[in-house]
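The values are calculated or read from the model by the stated rules, or taken from the named source; none is laboratory data. Quick caveat, the model's predicted, so the values are computed rather than measured. Cβ coordinates were reconstructed from backbone atoms using ideal geometry, including for glycine residues, and neighbour counts include every protein chain displayed.
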């Protein structure tokens, strides 16, 4: 946050004005998620206390009504819906997500225990996925043959089409069981992060590639690339300086979405590779109808998602000078493609819209 | 375009190299961890134990993992059902099974160095009863201690456990890991801490670490010298270390066995068993003790209250077919209300032989005539009921198909554990579909005694009730067996329970692994295991 100085400078004020709505939006998203989750969980039929008990107690689960009532009280599931709602909201504000019904552990602790593992997989997946699609995009751009180019562009959708458990099992059978390079399960060795990350990198890379390749195509057809081409710039230079930079904006937006996808989408991969993680906790919690854990994880994922969106929003001005606030003036971001042609090829091609005709970044 | 094809090819080639390098970079590195020199056993289990204190959970994996770190007062011979000394060198009960006296060995220590004394045992039982009081945990151990009145300490090595009511299940329970003993310090911990951090036991292995959903590891205890006489050797365990890897995917467990990543895999799918056996791996299979997977009718339901309907169900289910289709290839169809491996089991095969014609005849005689859609009716009442279950949906569907041929419409309510126990709690079910795993014949009491806190079945039969409570108070083995025979006959003959399939625990190991042994609860000891 830009701290307001002794003399409130104009730029600081403007920055606050630009940032404050985003932060409000962030708070709203998290609150709305909590409210919807809370209501949805209450609508589910059945008794969450009994469901959670049955996970640990199996065929020796108690069905004594008095014991169940006492346990419900203990779990914060007694009383009116409104009082439960407010009590849990209060807990949420102080960072207390309650206690797991099935394990008796604090939800905050359960989640913080698994975050490093999930983060390692998701982070590596994002890096590998984005790098792969940048490379494929570049290869397709510089490819001398049309067929190769078409082939390369058609490859990434496979990453979304093939389910993660299939990719995961194939990778396990090749790289663990046949070659023996990586462990098939668990987190016993640092290398164990690789296969799950690669598995996740396929859909991540594919989604990223869809946006990225569309942006490349867009830029490629633009006048400023034509100009650069005519001026005799190398393909590499054009790709690096003009196409890549202009393709950045939509791509960064999609990374924001991918972070959200990764925060909640690791369940299948963690199950296939037998790793502990956010996704695994959710699966177990849903099976046990462990309401506090389900709610806690959803809120954490919502926070990550909203935070990613916030950061993406805030990063636009860094990526695109036109979006920087100069004093109070915000230039209209929609610029006709023709204007781009005027931009000198040597400079940053900031004069062109990220993709003409597309919705302007807000 | 202006770029020369040559240049383009060079660029393409360059980036292809980069892409390959990226992939190679990902995949470079050493192999998976190899076998330790003297023996780390890697055991792949299907489910996260969720709690590694053997006294608290009922999850099978938690029980067999916990079994390795705790010892019990007594042991039970899985072949004969005989109770033999373990940590208690002597034990006896009074005639009506309300008091049990034990004398402990005097050389037993916990892995924290403290000694095993009568006070520690008392603290264990008191803690279990306290944990089980609110119904949130230790429910299995709590059932073995049902009616617990207290532990009276006679001296350091001698104590007496007293009950308010006869408890024939206690001695058998004392042989299980659920009543396995933990140190005084552990009994003072909270249940959650015991679940997460583990317990201090007297067993041949000592917990090292527990990473939920991932791994439990334990190291050998040096100086272990109090193995039960049922084990294959004395002194320290052979293995240096055991790592239980939680591997939920069955195909990964099987593949990991074949690739050598795992030494033993638990919960081998029945379908994979013949192939894995053919490839030379060792297979270990044992039926769960207790009540097989069964249909349990609610006799307050008007349709199921009709004895003819229950007779049709008794002989109208093709158990051989179900066993062949969905069961363990080496297993047998169930032949009584107790599974064949349970002490006290008596075959009722004659009453349960598959005979669809007899089933149809019974229904016809009782006036259940076939309706327009093939489902029988009587006085406007359709022959329909709903089975509530939360696992083995395919098996429920197979039964549904079989019953349809008899003109019986069995609807399936496939729910989760919470829904299942909710139906038991408010007695709202027509038929339950489940198994009940217990070490001994007291499973019958848990299931049928209407006074039992956990009772599942809704049956009003004073004779059965009397027999079940009498057997719990009978210390004479032969007399108790007679009562159990009678109870099993009544339960099957009167159609209070329709056994469907015996549930087998099936595990597989590398061919050179030796010493794997099931205990009487179809869990196991890894104390004698050697990697070979």
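Determine if the stretch B:24-44 includes at least one residue that is crowded, with 16+ Cβ neighbours inside 10 Å, within 10 Å of chain A (Cβ to nearest Cβ), under 24 Å from the mean Cα position of the chain (by Cα) and modelled with pLDDT of 90 or more.
yes
Just to be sure before I move on: is residue A:176 in contact with a strand residue (DSSP E or B) (Cβ under 8 Å, 6 or more places away or on another chain) and within 13 Å of another protein chain (Cβ to nearest Cβ) in the structure I sent?
Here the answer is no, as residue A:176 does not meet what is asked.
Show me the strands (runs of 3 or more DSSP E) entirely contained within the stretch B:199-253 in which 2 or more residues are farther than 28 Å from residue B:272 by Cα and within 23 Å of the chain's Cα centre (by Cα).
Correct list: B:205-211.
Of the residues A:211, A:174, only one is surrounded by fewer than 24 Cβ atoms within 10 Å (Cβ to Cβ) and within 26 Å of the chain's Cα centre (by Cα); which?
A:211
As an exercise: evaluate residue B:522 against (1) touching a helix residue (DSSP H, G or I) at 6+ places or on another chain (Cβ under 8 Å); (2) in a loop (DSSP other than H, G, I, E, B) and give the number of the one condition it does not meet.
The number of the failed condition is (1).
Of the residues that make up the stretch A:149-157, is at least one in contact with a helix residue (DSSP H, G or I) (Cβ under 9 Å, 6 or more places away or on another chain), outside any helix (DSSP H, G or I) and either away from chain B (no Cβ under 12 Å) or surrounded by 15 or more Cβ atoms within 10 Å (Cβ to Cβ) (or both)?
Yes, the conditions are met somewhere in the stretch A:149-157.
Name the residue that is surrounded by the fewest Cβ atoms within 10 Å (Cβ to Cβ), counting only residues in the stretch B:452-498 that are outside any loop (DSSP other than H, G, I, E, B) and in contact with a strand residue (DSSP E or B) (Cβ under 7 Å, 6 or more places away or on another chain).
Once the filter is applied, the top-ranked residue is B:458.
Would you pick out the residues in the stretch A:180-208 that are within 13 Å of chain B (Cβ to nearest Cβ), assigned to a helix (DSSP H, G or I) and either crowded, with 24+ Cβ neighbours inside 10 Å or touching a residue at least 60 places away in the same chain (Cβ under 8 Å) (or both)?
A:192, A:193, A:194, A:195, A:196, A:197, A:198, A:199, A:200, A:201, A:202, A:205
Pairs please, first residue from the stretch B:129-149 and closer than 12 Å to residue B:170 by Cβ, second anywhere and in a loop (DSSP other than H, G, I, E, B), Cβ atoms under 7 Å, 6+ apart in sequence or on different chains.
B:141/B:55; B:143/B:454; B:146/B:167; B:147/B:164; B:147/B:165; B:147/B:167; B:149/B:164
Taking the condition in a helix (DSSP H, G or I) and either surrounded by 14 or more Cβ atoms within 10 Å (Cβ to Cβ) or more than 9 Å from chain B (Cβ to nearest Cβ) (or both), does residue A:120 pass?
The answer is yes for residue A:120.
Please specify each residue of the stretch A:88-107 satisfying the condition of being assigned to a helix (DSSP H, G or I), in contact (Cβ under 8 Å) with a residue 12 or more places away in the chain and more than 20 Å from residue A:267 (Cβ to Cβ).
A:88, A:89, A:92
When you check residue A:23 against the structure, is it touching a residue at least 12 places away in the same chain (Cβ under 8 Å), away from every other protein chain (no Cβ under 14 Å) and either assigned to a helix (DSSP H, G or I) or surrounded by fewer than 22 Cβ atoms within 10 Å (Cβ to Cβ) (or both), yes or no?
yes
Checking the structure you have, find out if any residue of the stretch B:273-283 is surrounded by fewer than 22 Cβ atoms within 10 Å (Cβ to Cβ) and assigned to a strand (DSSP E or B).
Yes: the stretch B:273-283 contains one or more residues that are surrounded by fewer than 22 Cβ atoms within 10 Å (Cβ to Cβ) and assigned to a strand (DSSP E or B).
In the stretch A:46-84, what residues are at the interface with chain B (Cβ under 7 Å from one of its Cβ atoms), outside any helix (DSSP H, G or I) and farther than 20 Å from residue A:286 by Cβ?
Answer for the stretch A:46-84, where residues must be at the interface with chain B (Cβ under 7 Å from one of its Cβ atoms), outside any helix (DSSP H, G or I) and farther than 20 Å from residue A:286 by Cβ: A:62, A:63, A:64.
Of all residues in the stretch B:334-352 being part of a loop (DSSP other than H, G, I, E, B) and in contact with a helix residue (DSSP H, G or I) (Cβ under 6 Å, 6 or more places away or on another chain), which is farthest from residue B:310 (Cα to Cα)?
Result: B:344.
When you scan the stretch B:238-259, do you find a residue that is touching a strand residue (DSSP E or B) at 6+ places or on another chain (Cβ under 8 Å), surrounded by 18 or more Cβ atoms within 10 Å (Cβ to Cβ), at pLDDT 90 or above and more than 14 Å from every other protein chain (Cβ to nearest Cβ), even just one?
Checked the stretch B:238-259: at least one residue is touching a strand residue (DSSP E or B) at 6+ places or on another chain (Cβ under 8 Å), surrounded by 18 or more Cβ atoms within 10 Å (Cβ to Cβ), at pLDDT 90 or above and more than 14 Å from every other protein chain (Cβ to nearest Cβ).
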